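The values are calculated or read from the model by the stated rules, or taken from the named source; none is laboratory data. Computed from a prediction, not measured in an experiment: that's the story for all the values here. Positions of Cβ are backbone-derived with ideal geometry, glycine not excepted, and every protein chain shown enters the neighbour counts. For the accessible areas, the whole protein counts, side chains as well, though only heavy atoms, and no ligand, DNA or RNA atoms are used. Shrake-Rupley method; radii C 1.70, N 1.55, O 1.52, S 1.80 Å.
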Amino acid sequence: MTAPLVQDLRVFLQVIDSGSFSAVARELNIGPATVSKQIARLEKALAIRLFERSTRLLHVTDEGRSIADRVRTALSLLD
C-alpha cells in the first residue's frame, strides 16, 4: 500500500467519525474538494462505494462500514 493510500484511509476514517467532508477539511486545514478527491481515489482503488452522498446527507455504505472496521485495526497496528 502506498503512502497516499494510507493517508486516504486515515481521511476516510475521519469522515466517518465526523460525518462530514467539510469538518475533516477544516480539521486538516485543506479544502473540502481535496477531501472529496481523496475519498474518490480510495473508492476507485477499492472498487467500491464508501459513502452515499447527496447535497445534504452523507451515509456510510455497508461496504464502507466493513472496510472501516478493518482499516481501524490495520492502522492501529501501523501506528
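Please list, in order along segment 38-46, the HN-Hα scalar couplings obtained from phi with the Karplus expression 6.51 cos²θ - 1.76 cosθ + 1.60 (θ = phi - 60°), rounded to whole Hz, x for Gly and Pro.
5, 5, 4, 5, 5, 4, 5, 5, 8
Given a 1.4 angstrom probe, what's the average accessible area per residue across segment 10-73, in square angstrom?
63
From largest accessible area down, sort ASP8, ASP17, ASP79; use a 1.4 Å probe on the protein chains.
ASP79, ASP17, ASP8
Would you mind telling me the share, in percent, of accessible area of the chain contributed by carbon and sulfur at probe 1.4 angstrom?
On the way: 2820 of 5150 Å².
Using a 1.4 Å probe with all protein chains present, the chain comes out at 55 percent carbon and sulfur.
For a quick check, take a GNM of the chain with Cα springs below 10 Å and name the residue from SER54, SER36, SER22 with the largest mean-square fluctuation.
Residue with maximal mean-square fluctuation among SER54, SER36, SER22: SER54.
Filter the GluC sites (Glu not before Pro) in the chain down to the DSSP loop ones having no more than 13 other Cβ atoms within 10 Å, then list what survives. Don't skip to the end; give the middle numbers.
On the way: sites: GLU27, GLU43, GLU52, GLU63; in loops: none.
Of the GluC sites (Glu not before Pro), not one in the loops of the chain has a Cβ with at most 13 other Cβ atoms within 10 Å.
Along segment 15-32, what does the Karplus equation 6.51 cos²θ - 1.76 cosθ + 1.60 (θ = phi - 60°) give for ³J(HN,Hα), rounded to whole Hz, x for Gly and Pro?
5, 4, 5, 8, x, 7, 5, 5, 5, 5, 4, 4, 4, 8, 6, 10, x, x
Considering the values (i) 0.93; (ii) 1.01; (iii) 0.96, which represents Rg/Rh (Cα atoms, Kirkwood Rh) as calculated for the structure under consideration?
(i)
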